[in-house]
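The values are calculated or read from the model by the stated rules, or taken from the named source; none is laboratory data. These numbers were taken from a predicted model, which means no experiment stands behind them. Heads up, the Cβs are rebuilt from the backbone with ideal geometry, glycines too, and the neighbour counts pull from every protein chain shown. Each accessible area value is taken on the protein alone, full model and side chains, heavy atoms only, with ligands, DNA and RNA left out. Shrake-Rupley method; radii C 1.70, N 1.55, O 1.52, S 1.80 Å.
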Amino acid sequence: MIGLVVNPVAGVGGPAGLAGSDGADVQRLALARGARSRVQERAVLALTTLAERHPGLEVATAAGAMGADAVRAAGLVPRVVAPAPGVERSETEAGDTSRAVAALAADGVDLILVVGGDGTLRDAVAGLEGAEHPSGAGTDVGRHADTRMPAVLGVPAGVKMYSPVFAVSPRAAGAIAADWIDLGGLPTDEREVLDIDEAAMRRARVDPTLYGMLRVPYRSGRTQARKAPTPVTEAAAVEAAARGVVARMLPGVRYLLGPGGTTAEIARQLGIEGSPLGVDVVLDGTVVVCGASEQELLAEIAEGPAQAVVTVIGGQGFLLGRGNQQLSAAVLRALGDDPLLVVAPEQKLIDLHGRPLLVDTGDPELDARLAGHVRIVTGSGTSSLYAVSAPELTP
């Protein structure tokens, strides 16, 4: 049996430039800035992929926006087991995710798809701690993932998705779930659920904490790797790569400086102070907008030529769709035919072992356009041509 839990507010803080969506105050601010969560459409996309191979499948889920709505929208049959059959919830909180996951485990679900980001999967860990499986077994997943408990797979729909418990895209998650049914299960890995304190994150303190382990179905190319930090020993390489980008910057062009250590080094070399975890608009060496939202970026692009400066997430290989959702499909389309200036030290590319870079904007047509190859600035006078893939197109 496949189960589904959706965090209805996941990802709403990304387009608003808030580095996350945790907390009612942050969610209200994101909505006030015109942002909206795309979690329901990403949930439906995963389930539609599952439905293509298993039409009419019954899916155990939570009521309303926490799952049943998406199941119905995908043409599948919801069996509501949480928070209670027939109870519709208009507002949700972290505890609702935990209770829903616990209810699905108690119901005997084999694989739970959890739609959200790192914080949502953290709540899933809490839900499985001490949850009773029909076999009568409980477990402390905070220390160990018990194979008697259900496997869990994250469907990426949040802002922070650094944990290696997510599929690379919603369609990939749906394909893994379909494989799980076809084969009576899949090989699983015990993987870490990591999360970052968002309040500290907004102060540029990025200290991931381990919250537990989950048993995650593994499919090569479909399950994402853990984010790998840039080693301190790579500082010289990062500095050289940043210098290469600064040398390429043209007068009169607005540069949308994305998050990351390498882009922070670009800001340092320009002598500006931006938001290391946001997207800043830089024009002729001056910050025009610090920590811009999607709407602010669109307004700036309308003023003249612009280009987004992005780096590679170490270990995962994502360029777009992980932590930089302000650079939305609408923003990238507005940037024109050459939207990206990509920078990364060469070692980050070597560490991918030939795996392509990934783009996940939520717009399949745009992702297909961005796929192929991209030139990456790797040093003050060096660059590499590297493959880019759109995982949403290849479930």
Heads up, segment 266-325 by the C-alpha gyration tensor (a ≥ b ≥ c square roots of eigenvalues; a/c under 1.5 rounded, else a/b over b/c prolate, else oblate) looks oblate
Using only the Cα atoms of segment 268-395, build the gyration tensor, take square roots of its eigenvalues as a ≥ b ≥ c, and label the shape rounded, prolate or oblate: rounded if a/c is under 1.5, else prolate if a/b is larger than b/c, else oblate.
-> oblate
For the pair T286 and D351, what calculated FRET efficiency results from E = 1/(1 + (r/R0)^6), where r is the Cβ-Cβ distance and R0 = 35 Å, to the nearest 0.05?
-> 0.50
Between V77 and A334, the two model label points (7 Å from Cα along the beta-carbon direction) sit apart by a distance in nm of 4.6
Once both label points are put 7 Å beyond Cα along the C-beta direction, the E303-R375 separation in nm becomes 2.7
For a quick protection proxy, order the peptides 366-376, 103-113, 170-180, 262-272 by their average other-Cβ count within 10 Å, most packed first.
-> 170-180, 103-113, 262-272, 366-376
With 0.36 nm assigned to each residue of separation and the Cα-Cα distance removed, A236 to L183 gains 14.3 nm
Charge dipole of segment 250-329 about the Cα centre (unit charges at C-beta), most positive-ward option of A264, L298, V282 = A264
Heavy-atom accessible area per residue - segment 338-395, 1.4 Å, Å² = 44
Whole number in Å², please: accessible area per residue of segment 239-280, 1.4 Å probe, ligands, DNA and RNA not counted.
-> 39
Solvent-accessible area, 1.4 Å probe, carbon plus sulfur percent, for segment 245-313 = 54
